[in-house]
Amino acid sequence: MGEWEMGKEELEWMSKHEKEVEKYSGKWVAVLAKRGITGSGRSPKEAIRESKERFPERPMVMRVPRKDEEMYIL
């Protein structure tokens, strides 16, 4: 899998499940395409730790913006 392909399925999952993602507004989430949101927390480390406790796969991690924030992808 190429570098730019990593996370593609997870981003597609998130766009299809916006209502569920909104529940994590302002938090960091760990996402696995076939499982959904597998961890969350106030930091990326917390989200990854929670995900790794339940699943061995490496998750995509991102911060869910609050409604008053814009999302920037760099």
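Each reported figure results from applying straightforward, stated rules to the coordinates on display, with no laboratory input. Keep in mind it's a predicted model, so treat the numbers as computed, not measured. When we count neighbours, we look across all protein chains shown, and the Cβ atoms used for this are built from the backbone with ideal geometry, even at glycine.
Laid out as a table, the results:
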{"quantity": "Matching residues in segment 7-29 - criterion: being touching a residue at least 24 places away in the same chain (Cβ under 8 Å), surrounded by fewer than 14 Cβ atoms within 10 Å (Cβ to Cβ) and assigned to a loop (DSSP other than H, G, I, E, B)", "calculated": "SER25, GLY26"}
{"quantity": "All positions within segment 51-68 that are surrounded by fewer than 19 Cβ atoms within 10 Å (Cβ to Cβ), without any contact (Cβ under 8 Å) to a residue 24 or more places away in the chain and either part of a helix (DSSP H, G or I) or out of contact with any Ser or Thr (no Cβ under 8 Å at 6 or more places or on another chain) (or both)", "calculated": "LYS52, GLU53, ARG54, PRO56, ARG58, ASP68"}
{"quantity": "Test: residue in segment 31-50 that is in a strand (DSSP E or B), hydrophobic (A, V, I, L, M, F, W, C) and either touching a residue at least 24 places away in the same chain (Cβ under 8 Å) or touching a Gly at 6+ places or on another chain (Cβ under 6 Å) (or both)", "calculated": "yes"}
